[in-house]
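To start, the structure itself, in structure tokens.
The values are calculated or read from the model by the stated rules, or taken from the named source; none is laboratory data. Owing to the predicted nature of the structure, the values given are computational and were not obtained by experimental measurement. Counting neighbours? That spans all protein chains shown, and the Cβs are built from the backbone with ideal geometry, glycine included.
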Amino acid sequence: MQIDFAVIGGSFAGLSAALQLARARRQVLVVDAGQRRNRFVDAAGLTSQGFLSQDGVAPADIVAQARAQLLRYPSVQWLDGTADDARVSADGRLTFRVGDTAIGAGRLILATGVRDILPPLSGLAERWGRSVFHCPYCHGYELDAGDIGIIAATPQAQHHALMLPDWGRTTLFLNGVYTPSDEERAHLARRGTRVEHVPVVRIDGEADVVLADGRVLHMAGLFTQPRTAMSSPVASQLGCAMTEGPMGPFIQVTPMQETSVPNVFACGDAARATGNVALAVGDGVMAGFGAHRSTML
């Protein structure tokens, strides 16, 4: 199969990129493996927050509506599956495979996303997206100004500990991960964040923190700092330059979402240090614009 534009990833960023190309009356193929990063929120019955006009709507519903709208454009094709074996030939042609299907693309947009690697604390993974989160702007308000716990996984916990008092009474569980400096402790005290040194044994109930000394602290919700990894090997297979961010590596892009590989663009969480739904949609718009305009050069 040969296509003008291929978008790998059919979540918020990929759908947004494909929509711009469809509206430019270009042939577009979207390949999606159905592993959206915030699918755990759907499983928990929670909703997307802070996205203009869609505040309080389930992410799955937003994506389903966006896909239906995109597929109304006759120049769009959709292929369920996982992209792999991506290559740049000697003459610059871009190819990849989805199962047994070989695909060539004039322009390729990577909206492959990332996966979260959680700290190895008993009970944490089971509550991910339900009562354990990483983004205060996405989920802090719904904790109703209650008791909020931060499970330190990296020194980035300090950032959480300074932000989250705006959303509720905050406790930072250091869990042996790092030791705040005197200056950092003073800053935490000014923000009203309590610091707990006793190690965390496990998470029980909804968001109950069980400590090594036997105490159980009941929290409305918990935050932690996962590491991120690419959800797909395609960027690495193509040789895209990467940047190391505070949570993990991401694809290096220009303001028009161009990668270091000619005719390859990237957007969404795979191409920024941190992100959310609104930022992914905006990145997708720019990637679609960038890919389209590159054909005019």
Within the stretch 276-297, the residues that are more than 17 Å from G9 (Cβ to Cβ), surrounded by 17 or more Cβ atoms within 10 Å (Cβ to Cβ) and modelled with pLDDT under 95 are none
Scanning the stretch 212-234 for residues that are assigned to a strand (DSSP E or B) and over 21 Å from G168 (Cα atoms) gives R227, T228, A229, M230
Discussion item. Criterion first (surrounded by fewer than 19 Cβ atoms within 10 Å (Cβ to Cβ), at positive phi and not assigned by TED's automatic domain parsing to the domain that holds Q158) does G205 satisfy it?
Written reply: no
The number of residues in the stretch 241-275 that are of a type in the set (A, V, I, L, M, F, W, C) and surrounded by fewer than 23 Cβ atoms within 10 Å (Cβ to Cβ) is 6
Within the stretch 117-132, restricting to residues that are surrounded by fewer than 18 Cβ atoms within 10 Å (Cβ to Cβ) and outside any loop (DSSP other than H, G, I, E, B), the one that is farthest from the chain's Cα centre (by Cα) is S122
query: Is it fair to say A235 is in contact with a strand residue (DSSP E or B) (Cβ under 6 Å, 6 or more places away or on another chain) and not assigned by TED's automatic domain parsing to the domain that holds S16?
result: no
Taking the stretch 46-63 and keeping only residues that are over 16 Å from A280 (Cα atoms) and out of contact with any strand residue (DSSP E or B) (no Cβ under 9 Å at 6 or more places or on another chain), one is left with L46
Condition set of a type in the set (A, V, I, L, M) and more than 16 Å from A22 (Cα to Cα), scope the stretch 48-70, selection surrounded by the fewest Cβ atoms within 10 Å (Cβ to Cβ): answer is L52
In the set G275, G288, the lone residue that is within 25 Å of R97 (Cα to Cα) and not basic (K, R) is G288
The condition of being at pLDDT 95 or above and closer than 24 Å to D32 by Cα holds, among G192, G239, only for G239
Among the residues of the stretch 164-175, is any of a type in the set (K, R), part of a strand (DSSP E or B), at pLDDT 95 or above and more than 22 Å from the chain's Cα centre (by Cα)? yes
Restricting the stretch 86-114 to residues that are touching a Lys or Arg at 6+ places or on another chain (Cβ under 8 Å) and more than 25 Å from T295 (Cβ to Cβ), the one surrounded by the fewest Cβ atoms within 10 Å (Cβ to Cβ) turns out to be V114
